[in-house]
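Data block below; observations after.
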Amino acid sequence: MDVTESDLPGVGKKHEVDIGGGQQLVIVTHNTGTRELYLKASDDADSEKLVELSDRMARLVGTILEGAYFQPVQSDHVETMLAEGTLLEWFAVDPDSPLVGETVASADVGQRTGVTVVAIQRDGEVIPGPMPERTIEAGDTLVVVGDRGSCDDFERLLTGEQ
Amino acid sequence: MADLLGVGVLFAAVAVAGVVAVRVDKSVIPLYIVVGMVLSPSVTDGIAVAGYAFPTIGGSEFVDIGAELGIVFLLFFLGLEFNLDRLVESRQRIGRAGLLDLGINFGAGLLLGFALFRDPLAAVLVAGIVYISSSAIITKSLIDLGWIANDEAEPMLGSLVFEDLFIAVYLTVAAALVTGGSDVGAAATSVGVALAFIVGLLLLARYGTPWFERALQTNSNEYKVLRAVGVTVLVAGVALAIGVSEAVAAFFVGMAFAPTSHVHDLENLLEPVRDTFAAVFFFWIGVETDPTLFPSVAGLVAAAVVVTTPTKILSGYLGGRAYDLGPRRSMRVGLGMVTRGEFSLIIAAVALTGAGVSLSTDLASAIYSFTVAYVLVMSVLGTMLMQYSEPFERFAVERFGTK
């Protein structure tokens, strides 16, 4: 995936995302927070303005695109970059996962993998900052924070690959 | 006398100018100037509405100070959005496009200025006036036309950054030369003082970041705005008091705030302040203009338009090529850079301060009227060239191909 960032002095920033087929999605982020979306049909074509979004609207649309707002696929791998190298990831707990029945404390994922469980999604509800005695059940979605290596370790632990 | 009614008429008039600008889809800056000209005392004196004399707006202290603040905030923002690191990062391309722009247009301006006014100082002023493109109008046109998302936006904004940096130094020297009088020694001293002050501000901007960071550390927007305005206007006032360009001082204060974490807050909070006083500045430009002088400078303006439109198109085209753009987009860069505006007017305001000091009163007012008329033409011409760029682009492609 190819993203080019450039500065527009006095205006804001421009990101060009190569979306395949020679097409580019151009996002102009104004200093005021307004986002403008353009489509460039080919390298030589003029950018065609698609839509202009307020800061708030852009964030909402962003979460939808990201899948954090609604996930069409029961994915066990959705991630968001929090900062350079730190990821926020969603993991589905399968019934045959070794972690089913463990408490947050007994699973000890912090020591074993380096990630922190920041929330559990269960039956459409979110349990933020789960207590150590909270039990992990099949069908839960665990929201964890950690660097890429820790998240990979956690995924192996969760699926019992270790 | 500056009464509230006069100030009310001023703001209502510029607000109407804004409405008209939206309606006709043109830049508002020339309209502000025209409104100022229409409401200047020479026109409104003697007019009475229902027995009440029309309020005098021009020449009032509020307009003078408001215009000064407009200059200060325009330059403050320039500094705020100016990023030295970024300039250094892409110095090769910006440098190449910027030097072409400077060499061609400033050079042509020097020759033109001397040919028109037969005075070396006038030549220096005219060179600055025809060199500096309008960041405000060009940036707005880029956004309106959607060019902002295209490749041509980069050389244009890059050249503008180069021009802004140059103009900060230029204004320092020009202001000192203009107020320094004809005595070479006095002029040298005032240039020296100005440069020393600028170096001091530059050091402050470079090393004062932690202090500026702390100075604005507050959760209240109210205090944040007041502190930023307090620092900026105070430094600008000190500069003016010791004979240094207040505009340049404001530029460096802006630059000092640029690396702090408050830069986005400042941009959002102070933008309306800047726009309010910038409107007063353009209005003041109109008020100070004597339209009866236009016929006498018409020939000069025509000559300047004929010379400096092609030079900007040429330098912009070459600048676009320096950014590896094809002929079509390079032509757009050239067309876009034609617009002159606020900074030319700031230089004209500097020229006015030299009346009877370093320039004869007639010459100062001739340069001033020349600039106002020139900016009125170029701001409209430049935006039109951008709007109707197609025939020029076709010409460029036919002449130079597509690569």
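Quick note: the coordinates plus some simple rules give every number you see, no bench work behind them. In this text the structure is predicted, and so the values were computed from the model without any measurement. For neighbour counting, all protein chains shown are included, and Cβ atoms are generated from backbone atoms with ideal geometry for every residue, glycine included.
For segment A:114-160 and segment B:249-273, compute the distance between their C-alpha centroids and round to whole Å.
Comparing the Cα centres of segment A:114-160 and segment B:249-273, I get a distance of 43 Å.
With chain A treated as a Gaussian network of Cα nodes joined by springs under 10 Å, which of A:152, A:43, A:123 yields the largest mean-square fluctuation?
A:43
Order these peptides, A:44-54, B:297-307, by their mean beta-carbon neighbour count within 10 angstrom, highest first.
Taking the mean over residues of other Cβ atoms within 10 Å, the ranking is B:297-307, A:44-54.
For residue A:49, which aspartates and glutamates qualify as cross-link partners when the Cα separation must be under 15 Å and same-chain residues fewer than eight apart are set aside?
A:16, A:36, B:144, B:151
Enter the mean number of other protein chain beta carbons within 10 Å of the beta carbon of each residue in A:12-24, as an integer.
Mean shielding count: 1.
Calculate the FRET efficiency for residue A:118 and residue A:50 from the Cβ-Cβ distance with a Förster distance of 41 Å, rounded to the nearest 0.05.
Between residue A:118 and residue A:50 the formula returns 0.75.
Would you mind computing Rg(Cα) / (2.2 N^0.38 Å) for segment B:69-400, counting N as its residues?
Taking the Cα Rg and dividing by 2.2 N^0.38 Å, one obtains 0.98.
Run the simple label-point estimate for residue A:103 and residue A:17 please: 7 Å along Cα→C-beta, distance reported in nm.
A separation of 4.3 nm, rounded to one decimal place.
Give the angle, between 0 and 90 degrees and rounded to the nearest 10, that separates the Cα long axis of helix A:148-159 from the longest principal axis of the Cα atoms of chain A.
50
Along the charge dipole of segment A:3-66, Cβ charges K/R +1 and D/E -1, which of A:29, A:3, A:42 sits furthest on the positive end?
A:29
Which of the trypsin sites (Lys or Arg not before Pro) across segment B:66-171 are loop residues per DSSP, with 11 or fewer other Cβ within 10 Å?
Taking segment B:66-171 and a limit of 11 other Cβ atoms within 10 Å, the loop trypsin sites (Lys or Arg not before Pro) found are B:118.
Assuming a ≥ b ≥ c are the square roots of the Cα gyration tensor eigenvalues, decide whether segment A:3-66 counts as rounded (a/c under 1.5), prolate (otherwise, with a/b larger than b/c) or oblate.
oblate
Please get the size of the charge dipole for segment B:69-400, origin at its Cα centre, with Cβ charges of +1 on Lys and Arg and -1 on Asp and Glu, quoted in debye to the nearest 20.
Once rounded to the nearest 20, the dipole reads 500 debye.
Starting from the Cα-Cα distance between residue B:25 and residue B:381, subtract it from 0.36 nm times their residue separation and give me the gain in nm to one decimal.
That pair, residue B:25 and residue B:381, stretches by 126.8 nm at full extension.
What are the residues whose amide H is under 5 Å from the amide H of residue A:19, where those residues sit 5 or more places off or on another chain and H is modelled from the backbone?
For residue A:19, the qualifying residues are A:24, A:25.
With a 10 Å Cβ neighbour count serving as the proxy for reagent exposure, in which order, fewest first, do B:317, A:38 appear?
Least crowded to most crowded, the residues run A:38, B:317.
Among the GluC sites (Glu not before Pro) in segment A:105-162, which ones are in a DSSP loop with at most 11 other Cβ atoms within 10 Å of the Cβ? Mind listing them?
Listed in order of number, the matching sites are A:133, A:161.
Which FRET efficiency value, to the nearest 0.05, is calculated for residue B:222 and residue B:353 with the Förster distance at 35 angstrom and r the Cβ-Cβ distance?
0.50
Please compute the average number of Cβ atoms from other chains found within 10 Å of each residue's Cβ in peptide B:150-157.
4
Take the Cα pairs of segment B:228-349, get the Kirkwood Rh, then feed it into Stokes-Einstein at 20 °C and 1.002 mPa s and tell me D in µm²/s.
Translational diffusion coefficient: 121 µm²/s.
Name all residues of segment B:167-207 having a backbone nitrogen under 20 Å from the label point set 7 Å from the Cα of residue B:99 along its Cα→Cβ direction, giving them as ranges.
Of the residues in segment B:167-207, B:167-170 have backbone N under 20 Å from the label point off residue B:99.
Translational D (Stokes-Einstein, µm²/s) of segment A:15-143 at 4 °C and 1.567 mPa s when Rh comes from the Kirkwood sum over C-alpha pairs?
74
Using amide H atoms built 1.01 Å from N in the peptide plane, name the residues 5+ places from residue A:140, or on other chains, whose amide H lies under 5 Å from its own.
Residues meeting the criterion, in which the H sits 1.01 Å from N, are A:93.
What are the membrane-span-like helices in chain B by this rule: whole DSSP H runs, Cα extent along the axis at least 18 Å, mean Kyte-Doolittle hydropathy at least 1.0?
Counting only whole DSSP H runs, the qualifying helices are B:4-24, B:61-80, B:153-179, B:184-207, B:221-241, B:294-322, B:361-387.
Using a Gaussian network for chain B with springs between C-alpha atoms less than 10 Å apart, which of these wobbles most: B:318, B:69, B:226?
The residue with the greatest mean-square fluctuation here is B:226.
How large is the dipole of the protein assembly as shown about the Cα centre if only Lys and Arg carry +1 and Asp and Glu carry -1, each at its Cβ, rounded to the nearest 20 debye?
2240
Looking only at other chains, what is the average number of their beta-carbon atoms within 10 angstrom of each beta-carbon in B:264-277?
Partner Cβ neighbours, averaged per residue: 1.
Let me spell out the model: positive unit charges on the Cβ of Lys and Arg, negative unit charges on the Cβ of Asp and Glu, origin at the Cα centre of chain A. What dipole size does that give, in debye rounded to 20?
Computed about the Cα centre, the dipole is about 500 debye.
Using only Cα atoms, figure out Rg for segment B:278-403 and give it as a multiple of 2.2 N^0.38 Å.
1.25
Going down the list B:26/B:224; B:26/B:403; A:13/A:40, which pairs span over 27 Å between their C-alpha atoms?
Those over the limit are B:26/B:224; B:26/B:403.
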